[in-house]
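Below you'll find the structure, written out as structure tokens, and then a few comments.
The values are calculated or read from the model by the stated rules, or taken from the named source; none is laboratory data. Quick caveat, the model's predicted, so the values are computed rather than measured. Cβ sites come from the backbone with ideal geometry, for glycine too, and all protein chains shown count toward neighbours.
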Amino acid sequence: MPLDTTHKVTIAESPPSGRPVLARLLQLYLHDFSEFAPPGSPYGEVGEDGLFPAAWLENFWQEEGRVALITRVGARIAGFVLLHHWSALDRPLDHAVAEFFVMRKYRRSGVGTRAAHLAFRRFPGRWEVPVAEYNRPALGFWQSVLAAPGLLPVTEQAGDGRRWSGPVFSFDNRAARSD
């Protein structure tokens, strides 16, 4: 995909009627994520119905502070952003990236970066972006996204290994101007 299409990237909250779409996208995400599950572990396994378990998805329409966003390129669905307010560093915060997915077709084209920046602008506050220690590709992605010119100073701190294992990026954009 040519880089000049990133201006067509949008994010929009998924209404409750959009649950089935997000549930199907989540299957693609969990399939990709299963690559990191060690053989013999219960992680990355499908149930007898052939689906990855994801009952927790319902929480994004039932619990305050959770937001489910669909990412589009033009009219086409390209992924999702799931936000919540759980802090990997056990600090007060307003938003955290719970899950982030860009379909393979749109990866390495700027779509994910644009979607992340749109989410950050749309929801000002104290943010955390935790990255699982075993997900090296995600670490590179988030380092690139958060190093973009014009973004507020971002700090990186290691999780404590109990609450979170991996780096946690933090920033506060409450005073940032909105475009």
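Would you kindly identify the strands (runs of 3 or more DSSP E) lying entirely within region 1-110 that contain at least 2 residues that are in contact with a Leu (Cβ under 9 Å, 6 or more places away or on another chain), surrounded by 14 or more Cβ atoms within 10 Å (Cβ to Cβ) and not β-branched (Val, Ile, Thr)?
Where strands (runs of 3 or more DSSP E) fall fully within region 1-110 and carry at least 2 residues being in contact with a Leu (Cβ under 9 Å, 6 or more places away or on another chain), surrounded by 14 or more Cβ atoms within 10 Å (Cβ to Cβ) and not β-branched (Val, Ile, Thr), they are 67-73, 76-84, 95-102.
Only one of Gly40, Gly74 is touching a Lys or Arg at 6+ places or on another chain (Cβ under 6 Å) and more than 25 Å from Asn173 (Cβ to Cβ); which? None of the others qualify; the one that does is Gly74. Screening Glu128 against (1) buried (at least 18 other Cβ atoms within 10 Å of the Cβ); (2) closer than 19 Å to Asp32 by Cα; (3) among the acidic types (Asp, Glu) leaves a single unmet condition, (2). Mind counting the residues in region 123-139 that are closer than 26 Å to Asp90 by Cβ and out of contact with any strand residue (DSSP E or B) (no Cβ under 7 Å at 6 or more places or on another chain)? Residues that pass the stated criteria total 7. Pairing residues of region 135-163 that are closer than 28 Å to Tyr106 by Cβ with residues that are part of a helix (DSSP H, G or I) and aliphatic (A, V, I, L, M), at Cβ distances under 7 Å and at least 6 apart in sequence or on separate chains, gives Val145/Ala116; Val154/Leu146. Give the residue that is farthest from Gly150 (Cα to Cα), with candidates limited to residues of region 94-127 that are in contact (Cβ under 8 Å) with a residue 60 or more places away in the chain and among the hydrophobic types (A, V, I, L, M, F, W, C). Among those residues, the one meeting the criterion is Met103. Just one of (1) more than 28 Å from Arg24 (Cβ to Cβ); (2) in contact (Cβ under 8 Å) with a residue 24 or more places away in the chain; (3) in contact with a strand residue (DSSP E or B) (Cβ under 8 Å, 6 or more places away or on another chain); (4) outside any strand (DSSP E or B) fails for Ser170. It is (4). One residue stands out among those in region 26-79 that are among the aromatic types (Phe, Trp, Tyr) and under 26 Å from Pro15 (Cα atoms): the one that is farthest from the chain's Cα centre (by Cα), which is Phe52.
Quick grid of which residues meet (1) in contact with a Pro (Cβ under 6 Å, 6 or more places away or on another chain); (2) among the charged types (D, E, K, R); (3) at pLDDT 95 or above:
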{"position": "Leu28", "(1), (2), (3)": "no, no, yes"}
{"position": "Ala37", "(1), (2), (3)": "no, no, no"}
{"position": "Ser41", "(1), (2), (3)": "no, no, no"}
{"position": "Ala54", "(1), (2), (3)": "no, no, no"}
{"position": "Ala78", "(1), (2), (3)": "no, no, yes"}
{"position": "Leu83", "(1), (2), (3)": "no, no, yes"}
{"position": "Arg91", "(1), (2), (3)": "no, yes, yes"}
{"position": "Arg126", "(1), (2), (3)": "no, yes, yes"}
